[in-house]
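The values are calculated or read from the model by the stated rules, or taken from the named source; none is laboratory data. Keep in mind the model is a prediction, meaning the values are calculated, not measured. Note that we place each Cβ from the backbone using ideal geometry, even for glycine, and neighbour counts take in every protein chain shown.
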Amino acid sequence: MCTCNNQSLPYEGDSRLTELLEEYKGQKGALIPLLQKTQSIFGYLPEPALRRIAESLKLPLSQVYGVATFYSQFRLKPQGRHVIKVCQGTACHVRGASRILDRLQRELNIKPGETTEDLRFTIEPVACLGACGLAPVMMVDDEAHGRLTPDVIPKILAKYA
């Protein structure tokens, strides 16, 4: 789990990034570990950090962006403090997952893949959470909420407010 602070915005002279770049200086194959550790610092991969990584590794920025956008583990936008994963698997779909997702969107005023302006919540539809017996199910951070109905969504969100 990331121990990052999504509220801290990176700047060109961030000492954590400088130390990280020094640690990997001159190492071949350092791009992915650098991206992973940079994301753990900031919670996502901000553009100034990507530029510094490209410069440090003597790579074109386009190559760094290419890797960052190819792998689903990397994020180019900040995530909310609470990530809501909504199962879209077959059991959840049949039992009304779309109604759960619709209610979340209305309550938070964001679409899947987006983060609330206050950086409190991010909605992520996922293929399966492996809790079919609880369908429809969603997870907020590491806590599962199952046998959901649209009416319980506001109460669950209030718990994380």
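Of note:
- The one condition from (1) free of Cβ contacts under 8 Å to residues at least 24 places away in the same chain; (2) surrounded by fewer than 19 Cβ atoms within 10 Å (Cβ to Cβ) that residue 34 does not meet is (2).
- Here the condition is being at pLDDT below 95, outside the structural domain of residue 37 (by TED's automatic domain parsing) and surrounded by fewer than 16 Cβ atoms within 10 Å (Cβ to Cβ); of 77, 111, it holds for 77 alone.
- Of all residues in segment 1-31, exactly one satisfies the criterion of being of a type in the set (Gly, Ala, Ser), at pLDDT 50 or above and surrounded by 12 or more Cβ atoms within 10 Å (Cβ to Cβ), namely 30.
- Positions within segment 144-161 being assigned to a loop (DSSP other than H, G, I, E, B) and farther than 21 Å from residue 89 by Cα, in sequence order: 160, 161
- Selected residue (criterion: modelled with the lowest pLDDT) from residues of segment 119-132 that are under 15 Å from the mean Cα position of the chain (by Cα) and in a loop (DSSP other than H, G, I, E, B): 119
- Residue 64 being surrounded by 20 or more Cβ atoms within 10 Å (Cβ to Cβ), in contact with a Leu (Cβ under 9 Å, 6 or more places away or on another chain) and assigned by TED's automatic domain parsing to the domain that holds residue 146: no
- Filtered residues of segment 85-124 (kept if within 16 Å of residue 158 (Cα to Cα), among the aliphatic types (A, V, I, L, M) and out of contact with any Ser or Thr (no Cβ under 6 Å at 6 or more places or on another chain)): 100, 104, 119, 123
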